[in-house]
Amino acid sequence: MSRGKSGDRQRRSRQAAAENASPEYGTVAAIDVGTTKIACLVGELSAEGTLARVIGTGKVPAKGMHKGVVVDLELASRSIHGAVELAATEAGRPIPDAYIGVAGSHVVSMNRTVAIDNPNDDNQVTSAERKQLMEHLTTVEVDPELQLIHALPREYNLDGQDGIKRPVGMYARRVEMSGHLIYGAINSIQNLIAAVSDAGIEVDDIVLEPLASSEACLTEDERESGTILVDIGGGTTDVAMFVDDRLVHTAVLPVGGNHITKDISVGLKVPLSAAEEIKLEHGHAQSHVVEDIEMAKADAGIFGESERTVTFSRKYLARIIEARVSEIFHLVLAQAGDSGFLSSIAAGIVITGGTSQLEGICGVAEDVARLPARQGLSIPPAGAVDIPGNPVYATAVGLLLYGSRQVHHRGPSQPSKPSTNAQGFWNEVLEKVKGWFGQTDKT
Ligand SMILES: Nc1ncnc2c1ncn2[C@@H]1O[C@H](COP(=O)(O)OP(=O)(O)OP(=O)(O)O)[C@@H](O)[C@H]1O
Ligand SMILES: [Mg+2]
């Protein structure tokens, strides 16, 4: 009975979403090129230009990837093609271009503050001053191997008054802007773009993965109150810190769920494939929760001619997992401490990505950081349906939300101008950065 009612409700929501779908805005696609899986989503936009529903989903194991970066162009490209084909078939339409996530420990970020004297006689701040400050913010000498990915203003200080988010229209003699800059290694980003291009997809834009995941999983209140978003995938742990609704710190750490699997493989003397199964079926991140006497048995693959099984204490397994998970959260906490914003984190830690499904993981985060922790699943935008809730899709859903905003900002009549190759992409970077300036600053 209740199932029938919820089925009816879902049917009605789908019908409403379909009726609200806009042929003008069309669809938007996203590809999360992860270390363990490639996920591609196709989203249909509403008449208002917001994400209305996901109409295509494709997920395949990732090949040619290591710790978030492309290490084999051909294999990576083939995996990307596989995920895109699945999503395109389900959506019933081709996918010519997509928003792409970027991660890897080559990503570096910094906070910077710049200031100018207001040139206007009446001391009113205009968008021209804001633009000039953004240009100053991004004019910083960095390693020539690095390329700017995002430039995000955080707050303004007008004649010594800090905490101002929207300076345009206000009056001040001296205007100061603090912002967050995110860079990635040119070669790593070019390899990613080349893998996507070789799969026949044009790149609409690249987005830092932790930024995308936080777009999907955080509430407005959490961003405002101060939250650390931690996306623990297979090869990386992505961190994004928000305070006062602004991004204050980002990092990509080269450690994730694959390291837990490797530890289990070494600890229980089983092959990696068996260790992965054991982690998913019997794993727990808090050893004190598991009873001393609990034993488990699992297949350990074929050794020579014979099939092996392994019998182990679940508490011992939990100790192996706990050590690595605890290390990951100590690294996250060190990042948060270095940022200088740790004391402003009031809401706590939101954990997403595939490894967030590990039982007891929030408990370890709470013990290490002494902050509340919860699992982060994608929060569907108002009225949207069929948004995949599994945390392995958090980054891809965030990329769709980001892409929808860009399409909406451009307007229905403006088609995207994706780049056909890596060089073309970089030629357009300056233009895109100018675009980000306007869109990320909410003034
Ligand atoms: N139920 C589960 N319990 C524990 N770990 C899990 C579970 N399900 C998936 N994982 C782990 O999640 C990881 C994959 O997560 P995800 O798909 O988010 O990674 P990815 O995006 O491919 O990698 P990355 O973000 O590091 O580049 C794997 O290490 C996998 O073992
Ligand atoms: Mg990931």
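The values are calculated or read from the model by the stated rules, or taken from the named source; none is laboratory data. Keep in mind that this is a model prediction, so the values were computed, not measured. For neighbour counting, all protein chains shown are included, and Cβ atoms are generated from backbone atoms with ideal geometry for every residue, glycine included. These area figures cover heavy atoms from the full protein model, side chains too; ligands, DNA and RNA do not enter into them. Shrake-Rupley method; radii C 1.70, N 1.55, O 1.52, S 1.80 Å.
Name the residue that is farthest from ligand 1 (Cβ to nearest atom), counting only residues in segment 300-320 that are farther than 17 Å from THR355 by Cα, under 34 Å from the mean Cα position of the chain (by Cα) and of a type in the set (D, E, K, R). Out of the qualifying residues, it is LYS315. Of the helices (runs of 4 or more DSSP H) lying entirely inside segment 195-273, not one contains at least 2 residues that are touching a Cys at 6+ places or on another chain (Cβ under 6 Å) and open to solvent by 10 Å² or more (accessible area, probe 1.4 Å).
Here is the figure for segment 82-132: residues that are within 16 Å of ligand 2 (Cβ to nearest atom) and either farther than 30 Å from VAL397 by Cα or not in a strand (DSSP E or B) (or both) total 6.
Could you tell me whether segment 197-209 includes any residue that is within 25 Å of ARG410 (Cβ to Cβ), in contact (Cβ under 8 Å) with a residue 12 or more places away in the chain and touching a Leu at 6+ places or on another chain (Cβ under 8 Å)? Yes, segment 197-209 contains a residue that is within 25 Å of ARG410 (Cβ to Cβ), in contact (Cβ under 8 Å) with a residue 12 or more places away in the chain and touching a Leu at 6+ places or on another chain (Cβ under 8 Å).
Just one of the listed residues (ALA98, ALA88, ALA115) is surrounded by fewer than 18 Cβ atoms within 10 Å (Cβ to Cβ) and touching a residue at least 40 places away in the same chain (Cβ under 8 Å), and it is ALA115. Across segment 13-35, the number of residues qualifying as more than 16 Å from ligand 2 (Cβ to nearest atom), modelled with pLDDT of 90 or more and of a type in the set (Ser, Thr, Tyr) comes to 1. Filter segment 139-175 down to the residues that are hydrophobic (A, V, I, L, M, F, W, C), part of a loop (DSSP other than H, G, I, E, B) and free of Cβ contacts under 8 Å to residues at least 60 places away in the same chain and list them by number. Once the filter is applied, which keeps residues that are hydrophobic (A, V, I, L, M, F, W, C), part of a loop (DSSP other than H, G, I, E, B) and free of Cβ contacts under 8 Å to residues at least 60 places away in the same chain, segment 139-175 yields VAL140, VAL142, MET170, ALA172. Please work out which one of (1) open to solvent by less than 10 Å² (accessible area, probe 1.4 Å); (2) over 21 Å from GLY68 (Cα atoms); (3) over 21 Å from the mean Cα position of the chain (by Cα) is the condition SER287 fails and give its number. Here SER287 clears every test but (1). Out of the residues in segment 36-68 meeting the condition of being open to solvent by less than 50 Å² (accessible area, probe 1.4 Å), within 12 Å of ligand 1 (Cβ to nearest atom) and modelled with pLDDT of 95 or more, tell me which one is farthest from ARG93 (Cα to Cα). Looking at the filtered set, the residue picked out is MET65. With respect to the conditions (1) over 30 Å from TYR99 (Cα atoms); (2) at pLDDT 95 or above; (3) open to solvent by 10 Å² or more (accessible area, probe 1.4 Å), PRO167 lacks only one, and its number is (3). Residues that are more than 14 Å from ligand 1 (Cβ to nearest atom) and touching a helix residue (DSSP H, G or I) at 6+ places or on another chain (Cβ under 6 Å) within segment 203-240 comprise VAL203, GLU215, GLY226, ILE228, listed in sequence order.
For TRP436, the conditions (1) open to solvent by less than 20 Å² (accessible area, probe 1.4 Å); (2) more than 30 Å from GLN132 (Cα to Cα); (3) at pLDDT below 95 are fulfilled apart from (2).
Listed by position, the strands (runs of 3 or more DSSP E) inside segment 290-387 whose residues that are in contact (Cβ under 8 Å) with a residue 40 or more places away in the chain and either of a type in the set (Val, Ile, Thr) or open to solvent by 70 Å² or more (accessible area, probe 1.4 Å) (or both) number at least 2 are 348-352. Could you list all residues from segment 388-401 that are assigned to a helix (DSSP H, G or I) and within 15 Å of ligand 2 (Cβ to nearest atom)? Answer for segment 388-401, where residues must be assigned to a helix (DSSP H, G or I) and within 15 Å of ligand 2 (Cβ to nearest atom): PRO391, VAL392, TYR393, ALA394, THR395, ALA396, VAL397, GLY398, LEU399, LEU400.
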